[in-house]
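First comes the structure, then the notes that go with it.
The values are calculated or read from the model by the stated rules, or taken from the named source; none is laboratory data. Computed from a prediction, not measured in an experiment: that's the story for all the values here. FYI the Cβ positions are ideal-geometry reconstructions off the backbone, even for glycines, and counts take in every protein chain you see. These area figures cover heavy atoms from the full protein model, side chains too; ligands, DNA and RNA do not enter into them. Shrake-Rupley method; radii C 1.70, N 1.55, O 1.52, S 1.80 Å.
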Amino acid sequence: MRLIALVYLSILTSCGQKVPSPKGNNNERPNIILIMSDDMGYSDLGCYGGEIDTPNLDALANNGLRFTQFYNGARCCPTRASLISGCYPHQTGIGHMTNPHNSDEYDYGVPEYRGFLSKNNVTIAEVLKDAGYTTLMTGKWHLGDANKSQWPLQRGFDKYYGILEGASNYFKPKYPRGITFMNDTITEKAKDYYTTDAFTDYAIKFIDDSKQEDKEKPFFLYLAYTAPHWPIQAPQKIVEKYKGKYLEGWTKLRETRYARMKALGVIDENWELTSQDSRDWNSLSDEQKIEMDTRRAIYSAMVDRMDQNIGNLVNHLKTQNMFDNTLIIFLNDNGACAEFSELGSGNPNHLETKKAYNALSYGRAWANASNTPYKEYKHWTHEGGIGTPFIVHWPKMISKENQGKIISEYGFLPDIMASCVDVAQTNYPKAYEGNTIVPASGKSLVPLFKGENKQIHNEPIFWEHEGNKAVRLGKYKLVSKWEKEKETNWELYDMETDRTEMHNLANVRREKVDELRSMYDHWEKEKSVFAYSEVLKIRAEKKKNRNKNKK
């Protein structure tokens with residue numbers, strides 16, 4: 001393992017509730033590792049149809065379970081809030097986004113929209129810590145950083161190393177988008193520093209330390225990579241491996257992935273490939289093609305390097321005889337990122353450099369290919385925005401006959417809290433540190449881990465982000481893409497026959513639209529969800545006041 005040139009600080013102890021006796025003994029309960037990538041597309045991994053080298057994640061899928069219909073929250077902050085709490089984002093105080101450093105930009109003055117994680121929620125770390133787990137985190141937090149009460153150690157984690165903000169330079173992270181170790185900001189100066197590597201190194205170190213302290217005590221590790229979120233940066237040796245591989249363009253890449261996904265069984269062969277959401281590749285100049293090939297190569301190298309690091313973690317678990325009774329869950333936080341520009345943003349002269357943080361991206365055209373075969377992207381609640389690869393590996397639970405199984409039953413982020421509570425043999429609290437706790441919204445996925453064939457959700461599940469909304473019940477999904485001229489534009493799709501959302505049934509199944517719309521309206525009112533037009537008015541007023549105060 002690469003050397004970590006840091007002397008550990010004293011570990012702060014929790015001032016929460018006393019640890020109750022768990023229902024089972026420590027040897028029966030698994031270690032739990034939750035790994036999340038950032039802004040990756042649905043089909044980027046090899047085991048989901050991609051051409052990027054991801055042998056370690058592919059191995060976890062081939063020897064574990066691969067879910068084809070697991071859902072995230074469409075955007076970095078809402079996903080993380082829902083994931084860590086087991087609740088809908090609006091129930092956590094992050095109904096829109098997390099406040100950036102030293103700002104109240106996303107604090108709209110009501111509990112559902114404060115821009116940081118509420119004390120009326122518990123985190124997975126808080127629940128598992130009270131159940132006798134050591135709780136560890138490395139990587140991206142993005143749940144509030146205005147003061148230390150919002151930081152990981154104050155939300156149940158025993159140890160933390162990572163970035164509190166949403167993104168950073170991968171080679172030279174700097175304040176305020178720099179590195180936090182425990183409760184202190186630090187500066188990393190190693191010449192070969194790369195955040196993806198460092199997050200993994202610290203994860204391994206934290207695990208080793210926890211086992212030295214108490215070898216019988218299980219651990220929970222939340223490893224939240226920033227890869228492949230912009231700025232697109234990767235070690236040059238890996239970038240070279242992919243340069244030239246994308247010169248055939250995004251049309252060819254989508255077609256190749258689409259065919260491979262059908263062959264793998266991760267999509268139904270009858271689902272149509274969505275329309276290409278970009279200009280024709282051959283309309284680009286030779287210079288543009290080379291630049292776009294480079295942008296895609298860097299992005300792919302970021303995913304490749306993340307997979308290599310996951311392999312390092314897995315190998316360490318094996319050498320320490322911890323692998324068989326460790327539950328590993330992998331997922332991504334939202335659909336592929338189409339932000340800023342069709343052909344990528346940021347100064348092209350910064351490609352393949354270690355230049356300072358900026359929004360250096362690979363563009364909508366490549367994001368469209370990353371999301372093959374689905375529609376839309378990060379931000380939106382069509383399948384391209386909320387569908388995620390979801391891999392579960394747990395040798396002690398998943399029988400050999402079920403290893404490699406593809407599961408089509410759908411689930412969503414709050415199910416992860418419910419599953420962790422289940423496998424840790426503990427309970428989700430009604431109160432914590434003097435606060436009444438919002439009831440969790442998920443259901444345990446453990447029956448699926450055990451090989452049962454059952455629908456987990458018989459109740460509707462919901463989404464809303466920036467006016468983009470959806471409800472899923474059974475095979476039907478009602479979805480709306482927000483437009484300034486019209487707040488709601490409901491579309492209805494049959495997810496069994498048309499998960500790529502090509503055939504809108506809203507005009508022919510009005511009774512189903514009305515049924516699901518009524519459910520959504522009830523949920524929206526119950527969760528105090530703002531209309532996005534109202535959010536925009538609040539934001540405009542806040543901006544006006546900020547400008548006034550500057551004068």
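The table that follows gives values for the structure above.
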| quantity | calculated |
| --- | --- |
| Long pairs among LYS252/LYS354; LYS375/LYS543; LYS140/LYS245; LYS252/LYS375; LYS443/LYS477, criterion Cα-Cα beyond 21 Å | LYS252/LYS354; LYS375/LYS543; LYS140/LYS245 |
| Stretch gain in nm, segment LYS217-ALA190, where the contour uses 0.36 nm per residue and the Cα spacing is subtracted | 6.4 nm |
| Whole-number accessible area per residue in Å² for the chain, which is evaluated in the context of all protein chains at 1.4 Å | 39 |
| In Å², nearest 10: area of THR187 left accessible to a 1.4 Å probe | 100 |
| Per-residue SASA entry for LYS241, accessible area with 1.4 Å probe, Å² rounded to 10 | 80 |
| Estimated translational D of region 175-284 in µm²/s (Stokes, Kirkwood radius over Cα pairs; 25 °C; 0.890 mPa s) | 130 |
| Those lysines that a straight Cα-Cα span of less than 26 Å connects to LYS544, excepting residues fewer than 8 apart in one chain | LYS484, LYS486 |
| Euclidean distance of C-alpha centroids, region 390-437 and region 158-236, integer Å | 24 |
| Apportionment of accessible area to carbon and sulfur, the chain, percent (1.4 Å) | 48 |
| For region 110-179, radius of gyration divided by Kirkwood radius, i.e. Rg to Rh on alpha-carbons | 1.00 |
| Distance between region 37-78 and region 338-381 - C-alpha centres, whole angstrom | 18 |
| Computed lengthening from HIS350 to LYS241, 0.36 nm per intervening residue step minus Cα-Cα distance | 37.3 nm |
| Karplus-derived HN-Hα couplings along region 165-172 (A = 6.51, B = -1.76, C = 1.60, θ = phi - 60°), whole Hz, x at Gly and Pro | 7, x, 6, 7, 5, 6, 8, 9 |
| GLU255, GLU515, ranked by accessible area, largest first (probe 1.4 Å) | GLU255, GLU515 |
| Cα-based shape type of region 414-470, given that a ≥ b ≥ c are square roots of the gyration tensor eigenvalues and the cut on a/c is 1.5 | oblate |
| Exposure of ARG260 as accessible area (Å², to 10), given a probe of 1.4 Å and all protein chains | 80 |
| Normalised contact order of the chain, rounded percent, pairs of Cα under 8 Å and 6 or more residues apart | 22 |
| Under 24 Å from the Cα of LYS215 - lysines, other chains or at least 8 residues apart | LYS18, LYS23, LYS129, LYS159, LYS205, LYS318, LYS396 |
| Extension gain (nm, one decimal) between VAL508 and ARG539, 0.36 nm per residue minus Cα-Cα | 7.3 nm |
| Shape category assigned to the chain from the gyration tensor of Cα positions, a/c cut at 1.5 | rounded |
| For region 269-354, Kirkwood radius (reciprocal of mean inverse C-alpha pair distance, Å) | 16.9 |
| Cα gyration tensor shape of region 480-531, rounded if a/c is under 1.5, else prolate or oblate by comparing a/b with b/c | prolate |
| Normalised convex hull volume, region 423-549, alpha-carbon set, Å³ per residue | 186 |
| Compactness relative to 2.2 N^0.38 Å, alpha carbon Rg of region 116-257 | 1.24 |
| Environment charge of ASN332, counting only residues whose C-beta is closer than 11 Å and scoring Lys/Arg +1, Asp/Glu -1 | -3 |
| Bins of 5 Å from zero: percent of alpha-carbon pairs in region 237-389 | 2, 8, 14, 19, 19, 16, 11, 7, 3, 1, 0 |
| Zone of THR436's modelled label, taken as backbone nitrogen in region 97-127 under 13 Å from a point 7 Å along Cα→Cβ | 120-121 |
| Equivalent ellipsoid semi-axes, region 441-500, via Cα gyration tensor eigenvalues times 5, rooted, Å | 28, 14, 8 |
| Relative compactness, region 20-148, computed as alpha-carbon Rg over 2.2 N^0.38 Å | 1.25 |
